[in-house]
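Trainee: Below you will find the structure I want to go over with you.
Just so it is clear, none of the values below were taken in a lab; they were calculated from the coordinates. Since the structure is predicted, the reported quantities are computational estimates derived from the model, not experimental observations. Counting neighbours? That spans all protein chains shown, and the Cβs are built from the backbone with ideal geometry, glycine included.
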Amino acid sequence: MPNAAVPLLAAALAVLAPAPVRPVPPVVPAQAVTTAPTETTRFSAGVVEILSPWSRATQPGQKIAAAYMVLHNTGTSAVTLVSASTPVAQSVVFHDTGVKDGFMQMLPHEGGFTIPPGGEIELKPGGSHLMMVGVGRSIRVGKVYPLTLNFSDGATTTVDMVVWDVGLIRTRKP
Ligand SMILES: [Cu+2]
C-alpha cells in the first residue's frame, strides 16, 4: 500500500519536531537557576522594548511576587515606567533592593523606573524589581500571566509574564 509510510512519517516528524520553546528569563545568578535560559521574549510599548519578562513562582500562601525584565529605551528622551497592573495581584509596586538597618531588604522606589534614552535598565533578583502585592493564588512554574506596563510617554502594553522557579534569594537575614 503506497500510503503505508505516511502515518509512520507523520509519527516520526512529530517526534522530531522541536517541542514548543518556552520563553525564558535573562541570566540570573547561576546558583539559583533551575532551568537554562534559551530564548528572549520581546514586547514593545512605544519606544520601549521589554525583554524576557518573568516572575518567580510563589509558595502557597505567599502574597507577594517579584517581577523582572529588561527595559530598553530606543528613543531619544528618557521614559519612565510609571505604573503596572496585573489580574493576579491587587497592586504592583516598585522596589529596590538595598541595605537598611544592616539588613539587605526591599525598599520602596519612588517615581517609577526611568530608562535613559538609548539605554536600558534590568529589573532582576537582588536589584530593582516590580513587586506584585496581594497575589490571590500561588503562581506556578510554567504559568504565563499578563502584566500591563504604563509609561510616562503614554505608551502602554501588556506583556506575558513567564513564571520560573529560580529558588529563594534571601532579602532579609534569618
Ligand atoms: Cu520587592
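Trainee: Read through the list (1) over 16 Å from His129 (Cβ atoms); (2) away from the ligand (no atom under 16 Å from the Cβ), then give the number of the only condition that Gln90 fails.
Mentor: Checking Gln90 against (1) over 16 Å from His129 (Cβ atoms); (2) away from the ligand (no atom under 16 Å from the Cβ), the one that fails is (2).
Trainee: Run down Val135, Val162 and say which single residue is in contact with a strand residue (DSSP E or B) (Cβ under 6 Å, 6 or more places away or on another chain), part of a loop (DSSP other than H, G, I, E, B) and among the aliphatic types (A, V, I, L, M).
Mentor: Working: Val162 fails: part of a loop (DSSP other than H, G, I, E, B).
Criteria check complete, one pass: Val135.
Trainee: Do you know which residues across the stretch 102-135 are without any contact (Cβ under 8 Å) to a residue 24 or more places away in the chain and either of a type in the set (A, V, I, L, M, F, W, C) or more than 10 Å from the ligand (Cβ to nearest atom) (or both)?
Mentor: Start the filter on the stretch 102-135 by keeping residues that are without any contact (Cβ under 8 Å) to a residue 24 or more places away in the chain, which leaves 102, 107-110.
Gly102, Leu107, Glu110, listed by residue number.
Trainee: If you don't mind, there's one more thing I want to ask. List the residue pairs whose Cβ atoms are under 7 Å apart, where the first residue sits in the stretch 59-73 and is surrounded by 14 or more Cβ atoms within 10 Å (Cβ to Cβ), the second is acidic (Asp, Glu), and the two are 6 or more positions apart or on different chains.
Mentor: Val70/Glu120; Val70/Glu122; Leu71/Glu120; His72/Glu49; His72/Glu120; Asn73/Glu120
Trainee: For the stretch 66-87, give me the residue count where each residue is outside any strand (DSSP E or B) and within 14 Å of the ligand (Cβ to nearest atom).
Mentor: Restricting attention to the stretch 66-87, the residues satisfying the condition of being outside any strand (DSSP E or B) are 74-78, 86-87.
Now restrict to residues that are within 14 Å of the ligand (Cβ to nearest atom): none.
Qualifying residue count, the stretch 66-87: 0.
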